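I have placed the structure first, in the form of C-alpha cells, so that the comments after it can refer back to it.
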Amino acid sequence: SLREGIRSHRNFQDFHLHMEFKLAYMPAARGQGRSNSGCYMQGRYEVQILDSPWGPADHRECGAIYGVAPPRVNAARESQRWQSYLIHFQQPLFDETETKSSPAVLTVYHNGILIHDQQPVGFSTGSGKAELPGPAPLLLQDHGNLVRFRNIWWVPLS
C-alpha cells in the first residue's frame, strides 16, 4: 500500500520536474525491497525509484512508469550514487461532464537519458490516487526504505 512520505503543499497541473535521489546499499534485499520508492505526479502517476542498475528493466524497475511502461533503457546507477529524473508531465484532460477525454502524458529523462517519450498513461498507477480533473500535489513515496532526495524543483507549463 502507498504510505505517503512527502507531499507538496502546492497542487500541480502541467509541469517540468527535476529531482535527485540516492538509494541505500541493501545487498541482502531482493526485488521491490531494494530502496523502493516512487515519484507520483499529482499523487496518481508513479515513476518508480528502485535499486535496479542491472540488466533490462521491466515495468516495475527504476525508471518505469509503474505497471504501464518499462524504460527504453536501464539508465539506473548503482546504489549510493546520486541520480536524477527530469519529468515533463501533462495532466489528463476532462470535458465539462468530468469525463476523461485525453490521458496523462509523461516524458522522462533518467540521468540525462531519454527513457519515456510522450508516454500516455491511461489510469492511475500502483497505489496512486483516483484520476480526477484539476491540479493535485506531488508525492514522494515512503515504502519504508532509505532513500535520500535533494534539489527538487518544478516549472509550470503555460
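The values are calculated or read from the model by the stated rules, or taken from the named source; none is laboratory data. Quantities reported herein were computed from a predicted structural model and do not represent experimental measurements. Every residue, glycine among them, receives a Cβ derived from its backbone with ideal geometry; neighbour counts consider all protein chains shown. The protein model used for the area step is the full one, side chains on, heavy atoms only, and it has no ligands, DNA or RNA in it. Shrake-Rupley method; radii C 1.70, N 1.55, O 1.52, S 1.80 Å.
Some observations on this one:
- Dipole check for the chain: with +1 at the C-beta of Lys and Arg, -1 at the C-beta of Asp and Glu, and the Cα centre as origin, the magnitude is about 580 Debye.
- Under Karplus coefficients 6.51, -1.76 and 1.60, residue-wise ³J(HN,Hα) of region 63-77 in Hz, glycine/proline x: x, 5, 7, 3, x, 10, 8, x, x, 4, 9, 7, 9, 5, 9
- Here the Kirkwood formula puts the hydrodynamic radius of region 1-83 at 13.6 Å, using every distinct Cα pair.
- Rounded to whole Hz, the Karplus (6.51, -1.76, 1.60) HN-Hα couplings of region 151-158, x for glycine and proline: 6, 9, 8, 9, 10, x, 8, 9
- Distance in nm between pseudo-label sites at Trp54 and Gln118 (7 Å out along the Cβ direction from Cα): 3.7
- Taken along its principal axes, the alpha carbon cloud of the chain reaches lengths of 51, 29, 27 Å, longest axis first.
- Gain in span if fully extended, Arg30 to Thr97, counting 0.36 nm per residue against the direct Cα distance: 19.6 nm
- With the cut-off at under 20 Å, measuring from each backbone N in region 6-34 to a point 7 Å along the Cα-to-Cβ line of Trp153 picks out 8-22.
- Think of the chain as a dipole: +1 on every Lys or Arg Cβ, -1 on every Asp or Glu Cβ, centred on the Cα centre; then among Ser158, Thr97, Ser8, Ser8 lies furthest on the positive end.
- Averaged per residue, the chain has 50 square angstrom of accessible surface, using a 1.4 angstrom probe with ligands and nucleic acids left out.
- Normalising the average separation of contacting C-alpha pairs (under 8 angstrom, six or more residues apart) by the number of residues puts the relative contact order of region 1-97 at 30 percent.
- Each distinct pair of alpha carbons in region 69-127 adds a 1/r term; the inverse of their mean, the Kirkwood radius, is 13.1 Å.
- Lys/Arg +1, Asp/Glu -1 at C-beta; the chain dipole; positive extreme among Gly67, Tyr85, Gly33: Gly33
- Between Asp14 and Leu146, full extension at 0.36 nm per residue minus the direct alpha carbon distance yields a gain of 44.6 nm.
- Each residue, Trp82 and Asn111, gets one label point 7 Å from its Cα in the Cβ direction; the gap between the two is 1.5 nm.
- Protein accessible area in the chain, 1.4 Å probe - carbon and sulfur %: 50
- Note on region 33-118: Kirkwood hydrodynamic radius from all Cα pairs is 13.4 Å, rounded to one decimal.
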